[in-house]
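The values are calculated or read from the model by the stated rules, or taken from the named source; none is laboratory data. Computed from a predicted model, the values in this text were never measured in an experiment. Glycine also receives a Cβ, built like all others from the backbone with ideal geometry; neighbour counts cover every protein chain displayed. Heavy atoms of the whole protein, side chains included, go into the accessibility calculation; ligands, DNA and RNA do not. Shrake-Rupley method; radii C 1.70, N 1.55, O 1.52, S 1.80 Å.
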Amino acid sequence: KQEVTQIPAALSVPEGENLVLNCSFTDSAIYNLQWFRQDPGKGLTSLLLIQSSQREQTSGRLNASLDKSSGRSTLYIAASQPGDSATYLCAVDPNDYKLSFGAGTTVTVRA
Amino acid sequence: ETGVTQTPRHLVMGMTNKKSLKCEQHLGHNAMYWYKQSAKKPLELMFVYSLEERVENNSVPSRFSPECPNSSHLFLHLHTLQPEDSALYLCASRKGGGDEKLFFGSGTQLSVL
């Protein structure tokens, strides 16, 4: 059974600092990995999707890397802003509809 | 807006009530999901429908009953729920066929008294 772990569970940084969020998974036989953002009481918004054949994906200030062999992905957010405060979740997709999610990292960016 | 709409946004029900959650998408997606999100826990997959056929029933209690009448609509029928069923229920969809990005609705916050 795939286990997805996100450490730390919570993170607080001053505005302008770069954020590094970690995601690890136990079964490297994945099809892709997605990073999501969730605001309190809301649904999830997809940020980046990395196919298993890719090493990284970038969108604006966000960069996600994937090391499938070691079961790790990292989401980097450059020059953090208070609007980046949210919970960030990663999910791995084994290509059988059953995505496995981590519990998330809750980020607070202090103005 | 993601294009996935869930109603109602909030629901309070007693343990003897029957209610239904609704989800719709007009994105042309072929797979729809129900997830349960409890505080501080990972999302739990409840049901998956692909092309209107149920692909996965993840050993969810029978007091939750899904219905997918067409590719754009998904329902979750609730009856005789327990207080531990209080959670955020999220609907999601994706196109499939190589386009695997998942789109979520805003969720229904359910409280069972």
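How much net charge surrounds residue A:80 when only the other residues with a Cβ under 11 Å from the Cβ of residue A:80 are counted, with Lys and Arg +1 and Asp and Glu -1? Write down the numbers at each step before the final one.
Details: positive: A:61, A:110; negative: A:15, A:17, A:84.
Summing Lys and Arg as +1 and Asp and Glu as -1 gives -1.
Tell me, what is the 1.4 Å probe accessible area of residue B:89, in Å² to the nearest 10?
Only protein atoms counted, so the area is about 0 Å².
Pick from A:44, A:21, A:89: which is most flexible by mean-square fluctuation in a GNM of chain A where alpha carbon atoms under 10 Å apart are linked?
A:44
If you wrap a convex hull around the alpha carbons of the protein assembly as shown, what volume per residue comes out, as a whole number of Å³? Before the final figure, lay out each step's value.
Values: hull volume 26.6 nm³, N = 224.
Given the Cα convex hull of the protein assembly as shown, per-residue volume reads 119 Å³.
Restricting attention to the alpha-carbon atoms of the stretch B:9-113, what are Rg (one decimal) and Dmax (integer), both in Å?
Every Cα atom of the stretch B:9-113 included, Rg and Dmax give 13.4, 43 Å.
With every protein chain left in place, what is the accessible area per residue of the stretch A:18-111 in square angstrom, probe 1.4 Å?
Per residue, the stretch A:18-111 has an accessible area of 43 Å².
Take the Cα coordinates of chain A, assign each an equal point scatterer, and use the Debye formula without solvent to give log10 I(q)/I(0) at q = 0.10, 0.12, 0.17, 0.21 Å⁻¹.
-0.26, -0.37, -0.74, -1.11
Explain nothing, just the number: relative contact order of chain B, from Cα pairs under 8 Å at least 6 residues apart, as a whole percent.
Normalised by residue count, the contact order of chain B is 38 percent.
What does the average come to when, for each residue of peptide A:46-54, you count the partner chain Cβ atoms lying within 10 Å of its Cβ?
Average per residue, whole number: 2.
Taking a Cβ-Cβ separation under 4.7 Å as the criterion for a possible partner, which cysteines of chain B have none?
Lacking a cysteine Cβ partner under 4.7 Å: B:68.
Hey, what's the stretch B:10-113 come to in accessible area per residue, 1.4 Å probe, Å²?
Here the per-residue accessible area is 46 Å².
Share of antiparallel DSSP beta bridges in the protein assembly as shown, in percent to the nearest 5? Show your work: numbers first, answer last.
Numbers: 78 of 87 bridges.
So the antiparallel bridges amount to about 90 percent of the total.
If you take the accessible area of A alone, add that of B alone, and subtract the area of the pair, what total do you get in Å², probe 1.4 Å, to the nearest 100?
1700 Å²
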